[in-house]
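The values are calculated or read from the model by the stated rules, or taken from the named source; none is laboratory data. Source: prediction; values computed, not measured. Reconstructed Cβ throughout: ideal geometry from the backbone, glycine too, with neighbour counts over all protein chains shown. Surface areas here come from the heavy atoms of the whole protein model, side chains and all, with no ligands, DNA or RNA. Shrake-Rupley method; radii C 1.70, N 1.55, O 1.52, S 1.80 Å.
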Amino acid sequence: MKFKTLALALATGLTMTGTAFAQTEIQWWHAFSGRLGDLLAEQVDQFNASQSDYKVVGVNKGNYSETLNSGIAAFRAGEQPTILMVFEVGTASMMAAEGAIKPVYQVMAESGAAFDPDAYLGAVKGYYTNTDGQMLSLPYNSSTPVLYVNRDMFSKAGMDPDMDLSTWENVGVALDGLKDAGVSCPLTTAWQSWVHLENLSAYHNVPFASKDNGFAGLDTELSFNGPVQVKHIQTMGDWAKDGKFIYNGRRNEGGANFRAGECALFTESSAGYAGVKANAEFDFEIRALPYWGDVAGAPQNTIIGGSSLWVMAGKSDEQYKAAAQFLSFLSSSDIQAIWHQNTGYLPITLAAATQTEAEGFYDANPGTEIAGIQMTAKEPTSNSKGLRLGSFDQIRGIIDEELEAVWVGDKTAQAAMDSAVERGNVLLRRFEQANR
Amino acid sequence: MLLLLPQVLVTVVFFFYPAGQAIWQSLFISDPFGLKSQFVGLGNFEYLLADRFYRASFATTAIFSGLTTVVSMGVALYLAVLADRLIKGSGVYRTLLIWPYAVAPAVAGVLWLFMFNGRVGIVTWYLGLMGYDWNHVLNDGEAMGLVVVASSWGRISYNFLFFLAGLQAIPKSVIEAAAIDGAQFWTRFRTIIFPLLSPVTFFLLVVNIVYAFFETFGVIHTITSGGPQQATTILVYKVFSDGFVGQDLGSSAAQSVILLVIVGALTIVQFKFIERRVHY
């Protein structure tokens, strides 16, 4: 079926290049497959059908890391695509590679495509702008962690599903009750480093790394071994030991357990909404990510995860025009509103958020507005604008390892975080040296 | 001399040139896109040897390669001896035993991963019934066991084939003579069969160690990605992950150079010391 469509697309592509010879084709390498891949393909088809000057070809290159690596390898060989999807973790690497990219603000200005940087949500845009406030890449899919609650499980355990779960203190009480009622998986998580360290730090307004989390320079050092982070990780570790927190894996493995109705609470990206809604045969609810009530100033705001689109260097003016038209098309309210509603990713423009609200989507799907509120409730501080760290994919790997050591009880939270900071700093220094 | 030229050319193009490149690159730190690079001399080697996880990965590699070689050769030899004694239907057994060799390491990794998956794995489920809580995601011993089994599995077929051929090349008259003299099977195996099999065993030892060193990274990548806590990060896997995941080509190249030296040394040791004990 897929192959047929591909062949068909290829055939039409060939005939079209035959007749409309002036058409400019650009490649977009992305990391989406499955349902998200289908939605992405729909956007591409819609763009290609909307005009005849440009043609975008979307190519799936595996997961986020693989897509970035393919892009880098292709650049070295001079075969790079015009548009490359890069996950938020790769942002610092792309920013440092000045000769390999063409900043989005520049692409837009030169092509004259409609582009208003102020239309984008500050909390999303901030991750991808330079210190002069210029957008270097276009945010594509952005999400933030929230708490998913299996209400049926609470009821079955004889607990009030409407109980207050806004703080981790209260979550602790809930976990005790669930455990006592014999629930085998009271709490699980996806993306442990992103949710329980990166977002935890921003949410409590404590630095994850020095130099404004790396925004102010390459000579940044990790600092997530502070008291707030250590307290949280130690609590999670204690919960793991008591069987109240069940660890299922580094990525979103825990999602399968939650969707199957095995876990009562689940911290996961707001973009997990579509999957949970499609599969859950129980009453579920989305709540804001819990915070520690005893930390002054909490909750601040959470930060994003997801990807942005980078325009690569070394392409023709025509191709840049095509890229500009396409990026401008992607930012339009209709496209953004549909994307937001279908996937649970945040709308990247204010207009798309307003449109979604006006359409009554939030009333019909309670909980989907929480991610947006959580991110924009307060003006971001230097601790909650985001993270900009080199080699961050590897640093996350180190954090995952150290967290796993806490979950099995091999290390205390303090020892694990100290070790992660020390190991991560080595990578940061190396990144600094390579990009000096 | 002229007839040797194609061979020399192949060696230069496919061995000396890439090896030279690796050595050259190991002296630089460069950014992922290849836009900037700086000469650091032996800086990459210093950086590596200061890393306690890199030092630990030597021991990990030794344990992993040793276990994989012993398991895959031991089981293969056992099966070959059994198949050799078969009179009827040996062809069927042989074909079935050779099959797993056709499975690529990465695919084998996925197969074993499914069986031991914490959520849907059938083996995990049975172990759970027996009261054993299998979790190779967090337990380093279990992770190592799983990658060793998965890497050995496909390899058993290959070794089996060679052992069987070796066994069948041993003259039956020698064994019969020993049997008439009253030697039991185990004695015959120890004093006649195993020594006569030694050229095959030596060959397989070399080939299997090289396999465990270089070709198992697909298995490790799919099953553990080197975890938990680098417990299954063997040297080659670290070359891959630093080079292709971390985009640190300088460090990756330096590791390749270190591997080159190790394999050279291993080969010399094998031919100098072990081959002496081989009877041709």
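Check each of the trypsin sites (Lys or Arg not before Pro) in region B:44-145 and keep only those in coil by DSSP with at most 16 other C-beta atoms within 10 angstrom; list them in order. Could you put the intermediate results ahead of the total?
On the way: sites: B:ARG52, B:ARG55, B:ARG85, B:LYS88, B:ARG94, B:ARG119; in loops: B:LYS88, B:ARG119.
Taking region B:44-145 and a limit of 16 other Cβ atoms within 10 Å, the loop trypsin sites (Lys or Arg not before Pro) found are B:LYS88, B:ARG119.
Cα-based Rg (one decimal) and Dmax (whole number) for region B:70-148, in Å?
Gyration radius and largest Cα-Cα distance of region B:70-148: 15.9, 47 Å.
For region B:52-277, with the dipole built from +1 on Lys and Arg beta-carbon atoms and -1 on Asp and Glu ones, taken about the Cα centre, which of B:TYR211, B:MET115, B:ALA169 lies farthest toward the positive end?
The listed residue farthest towards the positive side: B:ALA169.
If you average the sequence gap of Cα pairs under 8 Å that are 6 or more apart and divide by the length of chain A, what percent do you get for the contact order? Show your work: numbers first, answer last.
Values: 758 pairs, mean separation 105.8, N = 436.
Computed over chain A, the figure is 24 percent.
At a 1.4 Å probe, what is the % contribution of carbon and sulfur to the accessible area of chain A?
On the way: 8860 of 16750 Å².
On chain A, the fraction of accessible area on carbon and sulfur atoms equals 53 percent.
Quick one: what do you get for region B:52-277 if you divide its Cα Rg by 2.2 N^0.38 Å?
Its radius of gyration relative to the 2.2 N^0.38 Å reference: 1.16.
Sum -39500 (n - 2.57) across every DSSP H segment of at least 4 residues in chain A, then divide by the residue count to get the 222 nm mean residue ellipticity, nearest 500. Before the final figure, lay out the partial values.
Details: 20 runs with 204 residues, N = 436.
That calculation yields -14000 deg cm²/dmol at 222 nm.
Rounded if a/c is under 1.5, else prolate if a/b beats b/c, else oblate: with a ≥ b ≥ c from the C-alpha gyration tensor eigenvalues square-rooted, which is region B:211-266? List each step's numbers first, then the result.
Working: a/c = 2.07, a/b = 1.21, b/c = 1.71.
Oblate is the answer for region B:211-266, as a/c is 1.5 or above yet b/c matches or exceeds a/b.
Provide the solvent-accessible area of A:ASP400, counting protein heavy atoms only and rolling a 1.4 Å probe, rounded to the nearest 10 Å².
Accessible area, nearest 10 Å²: 20 Å².
Determine the relative contact order of chain B: mean sequence separation of Cα pairs under 8 Å and six or more apart, normalised by residue count, in whole percent. Can you show the working numbers first?
On the way: 316 pairs, mean separation 83.5, N = 280.
The value is 30 percent.
Identify all lysines with a Cα-Cα distance to A:LYS378 below 23 Å; exclude those on the same chain that are fewer than 8 residues away in sequence.
A:LYS125, A:LYS211
From largest accessible area down, sort B:TYR132, A:TYR140, A:TYR64; use a 1.4 Å probe on the protein chains. Kindly include the intermediate steps, with their values, before the conclusion.
Working: B:TYR132 105, A:TYR140 5, A:TYR64 60 Å².
I get B:TYR132, A:TYR64, A:TYR140, largest accessible area first.
Sorting B:THR124, A:THR354 by accessible area (1.4 Å probe), largest first, what list results? Let's see the in-between values first.
Values: B:THR124 20, A:THR354 85 Å².
Of B:THR124, A:THR354, the descending order of accessible area is A:THR354, B:THR124.
Which sequence of B:ASP133, A:ASP283 reflects their accessible areas, 1.4 Å probe, from the largest down?
Numbers: B:ASP133 130, A:ASP283 75 Å².
Output order, biggest surface exposure first: B:ASP133, A:ASP283.
Take chain A, connect every pair of alpha-carbon atoms lying under 10 Å apart with a spring to form a Gaussian network, then pick out the residue of A:LEU387, A:LEU187, A:LEU165 with the largest mean-square fluctuation.
A:LEU165
Take the cross-link list B:LYS36/B:LYS238; A:LYS156/A:LYS411; A:LYS55/A:LYS385; A:LYS277/A:LYS411 and give me the ones stretching past 26 Å between alpha-carbons.
Details: B:LYS36/B:LYS238 23 Å; A:LYS156/A:LYS411 35 Å; A:LYS55/A:LYS385 35 Å; A:LYS277/A:LYS411 37 Å.
Long pairs (Cα-Cα over 26 Å): A:LYS156/A:LYS411; A:LYS55/A:LYS385; A:LYS277/A:LYS411.
Given a 10 angstrom Cα cut-off, can you work out which residue in A:PHE282, A:PHE266, A:PHE392 is the most mobile in a GNM of chain A?
A:PHE282
Name the residue farthest towards the positive end of the dipole of region B:52-277 from the options B:ILE192, B:THR232, B:SER152, assuming +1 on Cβ of Lys and Arg, -1 on Cβ of Asp and Glu, about the Cα centre.
So the residue furthest toward the plus end is B:ILE192.
So for the pair B:ARG85, B:ARG190, with labels modelled 7 Å out along Cα→Cβ, what separation do we get in nm?
According to this spin-label approximation, the distance is 1.6 nm.
Whole number please: convex hull volume per residue, Cα atoms of the protein assembly as shown, in Å³.
Numbers: hull volume 152.4 nm³, N = 716.
With only Cα atoms used, the protein assembly as shown gives 213 Å³ per residue.
For A:PHE361 and A:ALA216, what does the FRET efficiency come to when R0 = 35 Å and r is the distance between their Cβ atoms, rounded to the nearest 0.05?
On the way: r = 38 Å, r/R0 = 1.09.
Using R0 = 35 Å, I get an efficiency of 0.35.
Per DSSP H run of at least 4 residues, take -39500 (n - 2.57); add these up for chain B, divide by its residues and hand me the 222 nm value, nearest 500 deg cm²/dmol. Show your work: numbers first, answer last.
Numbers: 14 runs with 180 residues, N = 280.
Computed mean residue ellipticity for chain B: -20500 deg cm²/dmol.
Using Stokes-Einstein with the Kirkwood hydrodynamic radius over Cα pairs, what translational diffusion coefficient do you get for region A:243-370 at 4 °C and a viscosity of 1.567 mPa s, in µm²/s rounded to a whole number? Before the final figure, lay out the partial values.
Values: Rh = 17.5 Å.
Rounded to a whole number, D works out at 74 µm²/s.
Heavy-atom accessible area of A:SER50 with all protein chains present, probe 1.4 Å, nearest 10 Å²?
Surface accessible to solvent at A:SER50 totals approximately 80 Å².
Name the residues of region B:85-121, by number, that are at least 50 Å² less accessible with every protein chain in place than in the isolated chain; the surface is that of heavy atoms, probe 1.4 Å, without ligands or nucleic acids.
Checking the loss per residue gives B:ARG119.
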